[in-house]
Each structure stands twice: as structure tokens, then as C-alpha cells.
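Here's the structure we're looking at; comments come further down.
The values are calculated or read from the model by the stated rules, or taken from the named source; none is laboratory data. What you see is a predicted model, and the numbers here were worked out from it, not measured in a lab. Note that we place each Cβ from the backbone using ideal geometry, even for glycine, and neighbour counts take in every protein chain shown. The accessibility values were calculated without ligands, DNA or RNA, using every heavy atom of the protein model including side chains. Shrake-Rupley method; radii C 1.70, N 1.55, O 1.52, S 1.80 Å.
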Amino acid sequence: MCAVSTAHVLLGLLSKHPQHGYELKQAHDAVLPGAKPLAFGQVYATLGRMERDGLVAPDGAERVGGPDRTSFRVTTVGRTSLDAWLDEVEPPAPHASSALLAKVVVALLAADSDRARRYLTAQRKAHTDRLRELTRAKTDPHAGVGAVIAADYAIVHLDADLRWLATTLARVADLDEEIRQ
Amino acid sequence: MTEVLLAARGVVKSYGNSPALRGVTVDVGEGEIVAVTGPSGCGKSTLLYCLSGIMRPDAGEISYRGARLDTRRESERSALRRGDFGVLFQFGQLVAELPAVDNVALPLLLRGTRRREARSAAMVWLDRLGVADVARDLPGEMSGGQAQRVALGRALVTEPHVLFADEPTGALDTLTGEAVLGHIVRVVREQGTAVVLVTHEATVAAHADREVALRDGMLDPTGLGFPMASPAAVGAGPAAAGPRHARTSGR
């Protein structure tokens, strides 16, 4: 999976209206609450690189005070770069190298049945517990739309894992039966 | 866990020669939301019918507030369903000829509440569930989500102690289902109503306090119908009364 491009996320946030570093950090953490919060240093370093590359420019003729007081706006080059990024499709992640997949396959192939059952039961419980936690967070009346969207994303992925787990076990059971016949 | 409100003990139920429940023991606490999950044909709806007194088990016991329920006469059990119990199905439970407000008022009218009083109580529920604007509409004129919220109002208008919900969002799209589920959870928490929520969806079960998984008419502590499970290991533990009577642990 590709790493998130912080520069493009910042460009997206700035495309609404010019903001300074502090506001950008707040906006980033609000719309992507599931992501790691941005450090201020990272915001200013990224803004510095973006200014150097001509993607953003200080808003207004003169700088007032230090970098934290400077408002930035998206330039035409920045807009083009943002549009190009948005035109690029993310590769549909195959998840083919997932740690979960590997462990389940090994548990079914190589472990004795009690151990496999113990692991799979515990794994399912960890998934359903997390699902309940996310559901609680999401249905909190104070949850912002960013938090709800991030929770939705995690919930459907956990749900997919759970469905796959159930299907896999049913499939293995069918195979076992076939072999025994 | 809070006080046990509703309990099934070793419940067995068959349809002709095919067993649906093969010894299920489950407790539902006061105000607790319990999801009953499992694949199609695992017996989850049959368990709901037995717990709510719609059906009588072939063997085992159902008790409500410590008193046997399954041995009572049908008339007594249906009286319970008009007062202490509320029932919500997947769809098709509203009376097509009656507007929303009268559908919600129906359980009160059946209990002998006067029409004016029943209607005003029904209006309060429609308002609480955000569907006051369809009060005069017939079920055929409502969207699926609206109809299900009206049905929820009808299930809750008698302020029951237990709500039985069988795949209540099964016929709705994701966001509409989520809204209906949100309403169910919010109002039952406000009322302190216990819920038996039958669903095959993990995302729906995640709204509950606890999950009871079934497989082939028995409790499935693994939640996965684990094919390699040796029956002895599933119900293991000193208190286990045997694999068919393994109790679910409260969380």
C-alpha cells in the first residue's frame, strides 16, 4: 500500500481557503482522525518543501512574523499537482500479503486442531471487540463526520476479515469431508 | 451482570424431523442488548420465537422474571406480548389499511386504552423516532426506513421490558439500516429495555452489549462453527453440564 502523501492532503485542505500551519494541523487531524496526528514540525517542513516546489505561496504580499504566522494559498502549479494526484487511481490493495492471512493458513495447516481453534476463536473475538468499540465511537452523538467516516472504513474492513474467516473455515470443513469420503 | 430478566434452559425445538434447537441455554439481563448470531438455519429465529413465547419448546424451560413462561397458556403468552414484550420483524408487519399513527396505537387499543389517549401516545413515539411527518400516511406510502421506524414505535408503545428484533435492518440499505439501528439502541437505552437482536451481520451485532453465537441449533463459543472442534473441548470447564448445555459467559 502507498504511504499517504501529506503534501497532497495539505494541498486539498488549502484548496478551500488559505490557512497557516497551526490551522492546517487542526484541520488535518479533524478530517483524518484515524491517521497519526501531524506534528507541527512536520507541517512546517512539508509547507517549506511545498513552497520551494512552487505548490503553495504565502497568502498576501508580506510575511507577518515567523512561519507559524504565515498563511499559505495553493498556486496554479499546486492545483495541477493536486488534480493529477486525484486523477491517479489507488491500486486496489490485494491484501495478499496480510499477516492475518498468513497466520490463519499456518494455523489451519500446521497447528494441532486445539491450538488452531484457540487462535481463531481469540482472533475472531479481537475483531468483534474492536468492531463493537468502533461502533460505539461512531454512534456517539458528538462524533464528527471525519471520525464516522474513518470508523466506517475500519468497520467494513474488519467485517470483511470476519466474513473471510467464516468462509475459510467452512471451506476447510468441506475439504476435510471430501478427503474422508 | 444485572439481574436476569429472561432465561432459556436447555431449550430443544424441532420442526418435524429436523431439529432447530438442540439444547440452548441463554440469559438476558435487565436492559441488556444481546445479539443472537449465526448463519442461516442455525436456529437463531427459533430461539427468538421460544424466548418471546410465540413458540413452545419441545423440551427445556423459558422463564421470565424467574417464572416459567413456556408452560403458560397461549392467551397468557400473547397478553405478555401485548405488554411486557415488543416484537420487531424484518418487514411486513404494519397493517396496510391503517395510517402510521393508528398502527403505532394498535397495541394500546388492544389493551383497552381509549382511542384519543392511544393516539397521543403514538404521536409521541412517532416524534421520538423522527417520523412524525408520516403519521397520516399509509404503510404503502412510506419508505422502507420510515415503515421500520413506525414498526419500532408500535413495538415500543407499550413500553415493554424486552424488545425482540429479528433481522430488523435486513431489508434496508446500509445507511437506512444504520439509522434504524441507531434509533433502536438510543431509545432502548433511554427506556432501559432489554433487546434480543437476531442478526447474521457482525456489523449489526456490534451494536449489542454481548453476542450469543449459534451453529446447528447449539451454542457456538468459537463463533466460527469451528470444524475441528472436539465436542468435549467446547464445553470444557468444571461447571460445564456437557457440550449441549454449555453456558455462554456474560461479558
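Below are the figures for this structure:
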{"read-out": "Extreme residue, positive dipole direction of chain B, given options B:Gln90, B:Leu47, B:Pro57 (C-beta unit charges)", "value": "B:Pro57"}
{"read-out": "Signed unit charges on C-beta, dipole axis of chain A, positive-most listed residue A:Ala122, A:Thr70, A:Met50", "value": "A:Ala122"}
{"read-out": "Potential extension, A:Lys103-A:His17 segment - 0.36 nm per residue separation minus Cα distance", "value": "26.3 nm"}
{"read-out": "Nearest-20 debye value, chain B charge dipole, Cβ charges on Lys, Arg, Asp, Glu", "value": "720 debye"}
{"read-out": "Against the rule of thumb 2.2 N^0.38 Å, how large the Cα Rg of segment A:90-181 comes out", "value": "1.34"}
{"read-out": "B:Tyr49, A:Tyr153, ranked by accessible area, largest first (probe 1.4 Å)", "value": "A:Tyr153, B:Tyr49"}
{"read-out": "Sites B:Val95 and B:Glu190, calculated FRET efficiency, Cβ-Cβ separation with R0 25 Å, nearest 0.05", "value": "0.40"}
{"read-out": "HN-Hα J in Hz across segment B:60-70 - Karplus 6.51, -1.76, 1.60, θ = phi - 60°, x for Gly and Pro", "value": "x, 10, 10, 10, 10, 6, x, 10, 4, 10, 5"}
{"read-out": "Estimated Rh, segment B:94-159: Kirkwood, alpha-carbon pairs, angstrom", "value": "11.1 Å"}
{"read-out": "For segment B:86-91, 3J(HN,Hα) per residue [Karplus equation, 6.51 cos²θ - 1.76 cosθ + 1.60, θ = phi - 60°, Hz, x = Gly/Pro]", "value": "x, 10, 10, 9, 5, 6"}
{"read-out": "Per-residue mean of C-beta atoms belonging to partner chains within 10 Å, peptide A:121-133", "value": "4"}
{"read-out": "Alpha carbon Rg of chain A, scaled by the compact-globule rule 2.2 N^0.38 Å", "value": "1.46"}
{"read-out": "Between segment B:158-180 and segment B:68-115, the Cα center-to-center distance that results, in Å", "value": "16 Å"}
{"read-out": "Share of alpha-carbon pairs per 10 Å distance bin for segment A:14-55, given as whole %", "value": "28, 56, 16"}
{"read-out": "Fully extended contour minus Cα-Cα distance, from A:Ala45 to A:Asp114, at 0.36 nm per residue", "value": "19.6 nm"}
{"read-out": "Gaussian network model of chain B, springs between alpha carbon atoms under 10 Å - residue of B:Gly53, B:Gly41, B:Gly153 with greatest fluctuation", "value": "B:Gly41"}
{"read-out": "B:Asp133 versus A:Lys125: modelled label distance in nm, points set 7 Å from Cα along the beta carbon direction", "value": "4.7 nm"}
{"read-out": "Cleavage-rule hits, trypsin sites (Lys or Arg not before Pro), segment B:15-101, DSSP coil, Cβ neighbours within 10 Å at most 11", "value": "B:Arg73"}
{"read-out": "Percent accessible area from carbon and sulfur atoms, chain B, protein chains only, probe 1.4 Å", "value": "50 percent"}
{"read-out": "Residue with peak Gaussian network fluctuation, chain B [Cα springs, cutoff 10 Å], from B:Gly66, B:Gly29, B:Gly86", "value": "B:Gly66"}
{"read-out": "Residue (of A:Val145, B:Leu138, B:Val26) at the positive-pole extreme of the protein assembly as shown, dipole from beta-carbon charges", "value": "B:Val26"}
{"read-out": "Debye log10 I(q)/I(0) for segment B:1-47, one point scatterer per Cα, at q = 0.18, 0.26, 0.29, 0.32 Å⁻¹", "value": "-0.61, -0.99, -1.10, -1.19"}
{"read-out": "Spherically averaged projected area of the protein assembly as shown from its Cα convex hull (nm²)", "value": "28.5 nm²"}
{"read-out": "Among beta bridges that DSSP assigns inside the protein assembly as shown, antiparallel share in %, nearest 5", "value": "60 percent"}
{"read-out": "Rounded FRET efficiency, nearest 0.05, which uses the C-beta distance separating B:Asp209 from A:Asp87 and R0 of 45 Å", "value": "0.45"}
{"read-out": "Percent of beta bridges antiparallel (DSSP, chain B, rounded to nearest 5)", "value": "50 percent"}
{"read-out": "Label-point separation, A:Arg69 to B:Ser143 (7 Å along Cα→Cβ), nm", "value": "5.1 nm"}
{"read-out": "Cα gyration tensor of chain B - equivalent ellipsoid semi-axes, whole Å, descending", "value": "33, 19, 15"}
{"read-out": "Net dipole in debye of the protein assembly as shown [+1 Lys, Arg Cβ; -1 Asp, Glu Cβ; about Cα centre; nearest 20]", "value": "1120 debye"}
{"read-out": "Value at 222 nm in deg cm²/dmol, rounded to 500, when DSSP H runs of n ≥ 4 in chain A each add -39,500 (n - 2.57)", "value": "-22500 deg cm²/dmol"}
{"read-out": "GNM top mover of B:Asp173, B:Asp27, B:Asp70 - chain B, alpha-carbon springs below 10 Å", "value": "B:Asp173"}
{"read-out": "Rounded D (µm²/s) - segment A:136-175, Kirkwood Rh over Cα pairs, Stokes-Einstein at 20 °C, 1.002 mPa s", "value": "182 µm²/s"}
